[in-house]
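**Q** One structure, pasted below without further comment.
Laboratory data are not the source of any read-out in this text; all were calculated from the coordinates shown. Since this is a predicted model, take the numbers as computed values, not measurements. As a convention, Cβ positions derive from the backbone with ideal geometry for all residues, glycine included, and neighbour counts pool all protein chains shown.
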Amino acid sequence: MLLATQLRHSRLPGSETLLAATCRWLANTRRRRRWLLTLAFAAPLTGCLASAAAQTGSSASQGRPFIPEKVTGGLCTTRVSPGYPAGTKAQEPATVVLRVVLSRSGTLTPMYEVSGPSELEFAAMNSVRLWKCKPYVRVNVPIDVVTEVRVRFIPGQPAGLITHGPE
């Protein structure tokens, strides 16, 4: 448990948590599946392992172009507000940036946290899974892309509040 706490709060250059970097590394290739399963049983590393495990079979961003948030920002048509997890102080607004896969069907699949409070990562990922977007279109064909989304936590805002239209 001490290892999980250290990983969660250690920062690398560029403000990426060591936990996020480790999970991204684990999700890169199929050969790392054994490491992922070993860590899953050895230490509870929050929701990151579950999302990395889901991505190990198809390597999350392999073959998918990265599209900046500025370009894909207007594609989200339905957003669901996140709720502060039990046990966290909801006294100040916070923003979590997630790297996600925007599928050709318009669903978002979170991969890992890029920045923001690590205790809000799981709630942000759960919220983003419920968002609906228009697919990204290249040459009149919808394609899967990797992008980043910002999830805003606002104190007093109820969880599950649905908003329609771009942000």
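**Q** So, in nm, how far is label Lys132 from label Thr95 when the simple model puts each one 7 Å beyond its Cα toward the Cβ?
**A** Placing both labels 7 Å beyond Cα along the Cβ direction yields 2.7 nm.
**Q** Non-local amide H neighbours of Thr95 (under 5 Å, H modeled in plane, Pro and chain starts lacking H): which ones?
**A** Phe153
**Q** Also, I was wondering about something else. Calculate, in nm to one decimal, what Ile162 and Thr77 gain on full extension: separation in residues at 0.36 nm each, minus their alpha carbon distance.
**A** 29.6 nm
**Q** Placing +1 at every Lys and Arg Cβ and -1 at every Asp and Glu Cβ, with all other atoms neutral, what dipole size does segment 80-132 have around its Cα centre, in debye to the nearest 20?
**A** It comes to approximately 300 debye.
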